[in-house]
1. Report ³J(HN,Hα) in whole Hz for each residue of the stretch 446-454, in order, from the Karplus equation J = 6.51 cos²θ - 1.76 cosθ + 1.60 where θ = phi - 60°; Gly and Pro get x.
2. Quote the Stokes-Einstein diffusion coefficient, in whole µm² s⁻¹, for the stretch 485-633, based on the Kirkwood radius over alpha carbon pairs, a temperature of 4 °C and a viscosity of 1.567 mPa s.
3. Using only Cα atoms, locate the centre of the stretch 361-398 and the centre of the stretch 555-599, then give the distance between them in Å, rounded to an integer.
4. On a 0 to 90° scale, report how tilted helix 648-660 is relative to the longest principal axis of the chain, with both axes built from alpha carbons and the result rounded to the nearest 10.
5. Order MET377, MET604, most accessible first, counting only protein heavy atoms with a 1.4 angstrom probe.
6. Before rounding to the nearest 500, sum -39500 (n - 2.57) across all DSSP H runs of length at least 4 in the chain and divide by the residue total; then give [θ] at 222 nm in deg cm²/dmol.
7. Cα axis of helix 486-509 to longest principal axis of the chain: angle in degrees, 0 to 90, nearest 10?
8. Which peptide among 548-559, 79-90 comes first, and what is the full order, when sorted by highest mean count of other Cβ atoms within 10 Å?
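The values are calculated or read from the model by the stated rules, or taken from the named source; none is laboratory data. Because the structure is a prediction, the values reported are computed rather than measured. Backbone-built Cβ (ideal geometry, glycine too); neighbour counts: all protein chains shown. Accessible surface areas use protein heavy atoms only, side chains included; no ligands, DNA or RNA. Shrake-Rupley method; radii C 1.70, N 1.55, O 1.52, S 1.80 Å.
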Amino acid sequence: MNFTGPARHVGRSLFAWHAERVQPAMAMRAATGFGVVLLATIVFAPLIPAAPAMLGAWCAGITLLVPGVRPRPTLPILVGAAIGVAVLLGNLAGTGPILLLVLSAAWALAMAFIGSLGSAIGSATTVCGVTFVLAASISEGNSWLLAAGAAVFGGVVQGAATLLPPWSRFRPERLGVAHAFRELAEYSRGITESLNASLPTKSLLDASTVIGERRRVPHVLREVTGQLYELRAALIAVGVARARLLDEDPMAARQTGRVLRESATALDRLAEYIVDQKGLPRDWEEDLAASIDAAPSDESGVMSTRHTVAGQEVRRLQRALQHTARLIERVVRGEPATTVVSRRIRVRSRFSEEFQTIRANLSPRSPAFQHAIRAAMVIAAATGAGLLWPGDHGFWLPLTAWIVLRPDFAATVGRGIERTLGTTAGVVVATALAFVVENRSLWAAATILVFAMLAYLVLPVSFFVFSAAVAGFAVFQLDFAAEANMSVALERGLATLLGGLVAIGLYWLLPTWQTRRLPELMADLIEAYRDYANLVLQFQARPLERDEKVLRDAVDEVRLRRSELNAATEQATIEPIGGPRPYSEDIRDLEAVLERAARSLIVMEGGVRRGDAAQLPGIDEFEDAIDAAYHRLAEWVRTGRAGPEIDLDGAVEELDVALGAGSPATRRRRRVLDWESDVLVDSLKDAGLIVAEWQR
């Protein structure tokens, strides 16, 4: 096993500092809601227990800062209600050690399974697990129902805090579109150097997902998400045209490269305009037109076919950018929102989707299921160790285990060590600081508010500092002007360190290695590419049968499979695991080759334009060969057994013969197919060579 990767990951994670991610407005909202609850516990001290109310408010406030999740009242209120349930169950579990072990394992099983299905849900279930551990401590001196009600009250107040200013309608949607523009700009610069630049996928998927989840959103924002794919297709087509010009006319290739760089600048400016909601300057199109005019033109009769195609693709890119600019102007003007479906249908659809997701993961092979089983065992073991702890703070073992344990190795070990060290340091420092505010309730309340505000601010910036702030918050909440001494600090610090080590150590005994999932995920992606290739070739053969919805569904499936594979590959990169290939590096090599094939398919798809009606002969036979090649490759990756080899060279030769006898009306489409079919076939053959190398 190679531990170099994990060690580097832990080092990068521990010292990472992302100041640009700070969200002061959202942190101030969450801190305001927490401050209101804190004030209410002081004013109405007998009626509202301080510890559960503050814990409910603080945990519900975390949901306001989850990246990519729209702050709305529903989620904090639901978290407050779940924390109330956790308080009741935690107090019930405290009545006996056997019952405590059983309920802690059952609660961990449920929360870990549900929490592994999404980031926002994961944050909520983690704080519910922490509340379960702290339930007995924060309810001391109060009835269970009163403590649970106080926790729900904290969530309700934080739900109201989401309605505080500043208001910025559709800001998450605009930020998602701007990020997609920036990724397209980076890709446009990248293909001036090499066509192997990674296709922009994740940001486009995120933007369409965020906008697609909204019931009411300006229709123009939905148009922009569709335009993102048109821009990507146009950029790919220009990049391919430039690559063909490299040998024939390097000067023209450099001019086309300049167009791509200027287009990248234009996309960066569009991203800036949509975020800042500024109007486009008048000279914007003039600057773009100057770069377009310098590109290869098809007006001269002496230019070759490649020059003609390059000029056509450049002008297609120009039209796409101009259309995008018009859409951005409409976004900046702030068009009214339109309702796509009723709220009842939207909620029903969302519940149905989440139910299907849960059903699909109710399998021993599912990472979510495996994580839930592991979490139940880890939390039960940490709880048992806490019962045997000689001091009074053994509950810090399961509490730290809840914070540290994550579904994958990278997060558990990387952030686990980070959180363990940060929490340990925070516990010791906060307990020592408690000497200063001992028996001073107002000072203690102010210190709690400061720790809460600090945690909200640094949550997206540094997990190490966030962990320290959370530990300080928890220490002051439990003490809250109670007696503090250095022995308590040392005991908490040692229990925290041991709890983190228990979670990390038991992960090694019950791992979920992403490396072992890579072949299955890669095969799923190949099957998605296969469906997309079939549709593209069918549309080339019979353009009138083109169905935009079916094609978009196929593209969405490719994006989803690719996003899942990329996430697993990123996690597998730092896993210290050997055994049979493929490893993450092998998957990246194969994915790069399949991206090359995908570019050819995207160019083929773009070759079918409005008004094309003539059918092309010979494509059905070529489609059958490509379909068989993708299917063979997917099964080879999934099972390790190669089926009969497909004669792709013979298929492309037969296609060339059939295309040569076409009519003048199909000249442009035949030219695109002639060029791109060779690239597609070569890419699939290279993919086969890569997979064959794994088997050696």
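1. Listing the rounded values in order: 5, 5, 4, 5, 5, 4, 5, 5, 4 Hz.
2. Working: Rh = 18.7 Å.
Here the translational diffusion coefficient equals 69 µm²/s.
3. If we compute the Cα centre of each part, the gap is 31 Å.
4. Helix 648-660 sits roughly 50 degrees off the main axis of the chain.
5. Values: MET377 100, MET604 0 Å².
My answer, sorted largest first, is MET377, MET604.
6. Values: 26 runs with 510 residues, N = 696.
Only helices count here, giving -25000 deg cm²/dmol.
7. 40 degrees
8. Details: 548-559: 15.3, 79-90: 24.8.
Packing proxy ranking, top to bottom: 79-90, 548-559.
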